[in-house]
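Asks: Right, I'll just put the structure down here and ask away after.
The values are calculated or read from the model by the stated rules, or taken from the named source; none is laboratory data. Because the structure is predicted, anything quoted here is derived from the model rather than measured. Using ideal geometry, Cβ is built from the backbone for each residue, glycine included, and neighbour counts are taken over all protein chains shown. In case anyone asks, the SASA skips ligands and DNA or RNA and just uses the protein heavy atoms, side chains included. Shrake-Rupley method; radii C 1.70, N 1.55, O 1.52, S 1.80 Å.
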Amino acid sequence: MALSDSRVWLSEHHSLLTPHCDPAGLTWCEHIVTGSSQGLGRALLEEILANNERVVATLRNPAALAELGSKYPPEQLLVVPLDVSIPSQIHEAFERTKSHFGRLDVVVNNAGYGIMSEIESTPDEDARKALEVMFWGPVNITKEAIKFMRDVNPPGHGGRVLNVSSVGGYSANQTLAFYHAAKFGMSLIKKYCLSLTECEFPIIALEGFTESFTKEMLPEWNIKGVIIEPGGFRTAWPTDSMIRLPSLPQYKVPHSPSSIMQRAREAHKFIGDPSRAAKAMMQVASMEDPPLRIQFGTDSVLLVRNKALKTIKDGERFEELSVSTDADDVDQSKVMEMFAFANT
């Protein structure tokens, strides 16, 4: 459908599609959701459609959405094939969004998967591919979103970019290191560096990128980013979206951190409801002043809080050693004045 035809249809059916939608306000209507075939992405897609809002659903295999495609008209649901590791496909998805809807309010970077293996057991090729999907994919999508929300949307209308990270983007565990590395931001090789789950790597990944991107936006653009940190949700992620690689013999002992984690994982029942996460994401997307980070699930709230408190405690414990590295002419009482621009 041509853009002019789509806008005519939307005008005629405005009472059916988001009657509360105000293009000059903060009740968002047009969405892009990546990784929409299953899990949180599928739950969000269905919630958007149930709320009579409009969405571009991207995924590698469009056939997975055939049922929804037959239920909703193309004026409300546009399904676009997309491998987020291919920049040209990302650009094409945004071009199709522009020609089909003419506006874009919310982008949700949700596509991803897990690799379960120790760091040493994971081939570089597998690790790099994971980072292409879960870091560089969202990076390139966010860059396209900025241009669209600033240059295509009405001036000052802006938009929201929700980057779905994980509680593992803040607090990592053994056997999922490269998943954590993609989500984390600035990482640290520490803790269980025997295994790939909770060892992070020195890269500026999704959370650090999102924080920087948000701070770079001019206020009048009204473009804001949010980091979503889900805990464990009852989706197919641990099975259909998880690649399990064989461990090296040295890790196949009962007392290795990865073996302990595996036993704990098998006994653990995820507590999150995907449909409730979808409703929460819709609420976050509509906020005039959303948080930079928000946790979904009691497990995520507690794990993030515990790590934040431990970071503060460690900082206080070793503060004397930390500040001993300052030059003699430094006035420590005025140091934070140098970082007023950071808006931390």
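Asks: I'd like to know if segment 253-264 contains one or more residues that are in contact with an Asp or Glu (Cβ under 6 Å, 6 or more places away or on another chain), in a helix (DSSP H, G or I), open to solvent by less than 60 Å² (accessible area, probe 1.4 Å) and more than 30 Å from LEU218 (Cα to Cα).
Replies: Start the filter on segment 253-264 by keeping residues that are in contact with an Asp or Glu (Cβ under 6 Å, 6 or more places away or on another chain), which leaves 258.
With the extra rule that they be in a helix (DSSP H, G or I), the set shrinks to 258.
Next, from what is left, pick out any that are open to solvent by less than 60 Å² (accessible area, probe 1.4 Å): 258.
Checking which are more than 30 Å from LEU218 (Cα to Cα) leaves us with 258.
Yes, because at least one residue in segment 253-264 is in contact with an Asp or Glu (Cβ under 6 Å, 6 or more places away or on another chain), in a helix (DSSP H, G or I), open to solvent by less than 60 Å² (accessible area, probe 1.4 Å) and more than 30 Å from LEU218 (Cα to Cα).
Asks: If ASN306 satisfies every condition in (1) touching a residue at least 60 places away in the same chain (Cβ under 8 Å); (2) closer than 30 Å to MET217 by Cα but one, which is the exception?
Replies: (2)
Asks: Just need a number here: residues in segment 139-179 that are touching a strand residue (DSSP E or B) at 6+ places or on another chain (Cβ under 7 Å), open to solvent by 10 Å² or more (accessible area, probe 1.4 Å) and modelled with pLDDT of 95 or more.
Replies: 2
Asks: Still on this model: Take GLY39 and decide whether it is at pLDDT below 95 and either within 26 Å of ASN222 (Cα to Cα) or basic (Lys, Arg) (or both).
Replies: Criteria not met by GLY39.
Asks: Given the conditions (1) touching a Lys or Arg at 6+ places or on another chain (Cβ under 8 Å); (2) under 15 Å from ASP105 (Cα atoms), and given that GLU75 satisfies all but one, which numbered condition is not satisfied?
Replies: (2)
Asks: For segment 136-145, does any single residue satisfy the condition of being touching a residue at least 12 places away in the same chain (Cβ under 8 Å), closer than 22 Å to THR239 by Cβ, among the polar types (S, T, N, Q) and touching a Pro at 6+ places or on another chain (Cβ under 8 Å)?
Replies: No.
Table: residues versus (1) open to solvent by less than 100 Å² (accessible area, probe 1.4 Å); (2) among the β-branched types (Val, Ile, Thr); (3) in contact (Cβ under 8 Å) with a residue 24 or more places away in the chain.
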| site | (1), (2), (3) |
| --- | --- |
| ALA277 | yes, no, yes |
| LYS310 | no, no, no |
| GLY315 | yes, no, no |
| SER324 | yes, no, no |
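Asks: So, one more: From the list SER333, SER300, exactly one residue is over 19 Å from SER166 (Cβ atoms), of a type outside the set (Asp, Glu) and at pLDDT below 95. Which is it?
Replies: Details: SER300 fails: over 19 Å from SER166 (Cβ atoms).
The unique qualifying residue is SER333.
Asks: Determine which member of the set VAL226, VAL133 is assigned to a strand (DSSP E or B), modelled with pLDDT of 70 or more and under 27 Å from ASP273 (Cα atoms).
Replies: Details: VAL133 fails: assigned to a strand (DSSP E or B).
Of the residues listed, the single one that is assigned to a strand (DSSP E or B), modelled with pLDDT of 70 or more and under 27 Å from ASP273 (Cα atoms) is VAL226.
Asks: Of the conditions (1) open to solvent by less than 80 Å² (accessible area, probe 1.4 Å); (2) assigned to a helix (DSSP H, G or I); (3) modelled with pLDDT under 95, VAL284 satisfies every one except a single condition; which number is it?
Replies: Evaluating VAL284 over (1) open to solvent by less than 80 Å² (accessible area, probe 1.4 Å); (2) assigned to a helix (DSSP H, G or I); (3) modelled with pLDDT under 95 leaves (3) as the failure.
Asks: Would you pick out the residues in segment 244-261 that are out of contact with any Ser or Thr (no Cβ under 8 Å at 6 or more places or on another chain) and either at pLDDT below 80 or of a type in the set (Asp, Glu) (or both)?
Replies: Those that are out of contact with any Ser or Thr (no Cβ under 8 Å at 6 or more places or on another chain) and either at pLDDT below 80 or of a type in the set (Asp, Glu) (or both): SER259, ILE260.
Asks: Just checking, how many residues over segment 209-225 are surrounded by fewer than 18 Cβ atoms within 10 Å (Cβ to Cβ) and of a type in the set (Lys, Arg)?
Replies: Adding up the residues that qualify gives 1.
Asks: I would also like to ask the following. Collect the residues in segment 42-59 that are outside any helix (DSSP H, G or I) and small (Gly, Ala, Ser), keeping them in residue-number order. I'd like the intermediate steps shown before the answer.
Replies: So in segment 42-59, the residues outside any helix (DSSP H, G or I) come out as 51-59.
Selection gives ALA57 alone.
Asks: Look at segment 82-110 and say how many of its residues are over 19 Å from GLU30 (Cβ atoms) and either free of Cβ contacts under 8 Å to residues at least 40 places away in the same chain or open to solvent by less than 10 Å² (accessible area, probe 1.4 Å) (or both).
Replies: Final tally of qualifying residues: 4.
Asks: Report, by residue number, each residue of segment 237-252 that is within 30 Å of PHE209 (Cα to Cα) and surrounded by fewer than 14 Cβ atoms within 10 Å (Cβ to Cβ).
Replies: First, the residues of segment 237-252 that are within 30 Å of PHE209 (Cα to Cα): 237-245.
Result: THR239, ASP240, ARG244.
Asks: So which residues in segment 87-116 are touching a strand residue (DSSP E or B) at 6+ places or on another chain (Cβ under 7 Å), of a type outside the set (A, V, I, L, M, F, W, C) and assigned to a loop (DSSP other than H, G, I, E, B), if there are any at all? Even if it seems obvious, please write down each step before you answer.
Replies: Going through segment 87-116, the residues touching a strand residue (DSSP E or B) at 6+ places or on another chain (Cβ under 7 Å) turn out to be 93, 96-97, 100-101, 103-110, 113-116.
Still in the list and also of a type outside the set (A, V, I, L, M, F, W, C): 96-97, 100, 103, 105, 109-110, 113-114.
Those that are touching a strand residue (DSSP E or B) at 6+ places or on another chain (Cβ under 7 Å), of a type outside the set (A, V, I, L, M, F, W, C) and assigned to a loop (DSSP other than H, G, I, E, B): ARG103, ASP105, ASN110, TYR113.
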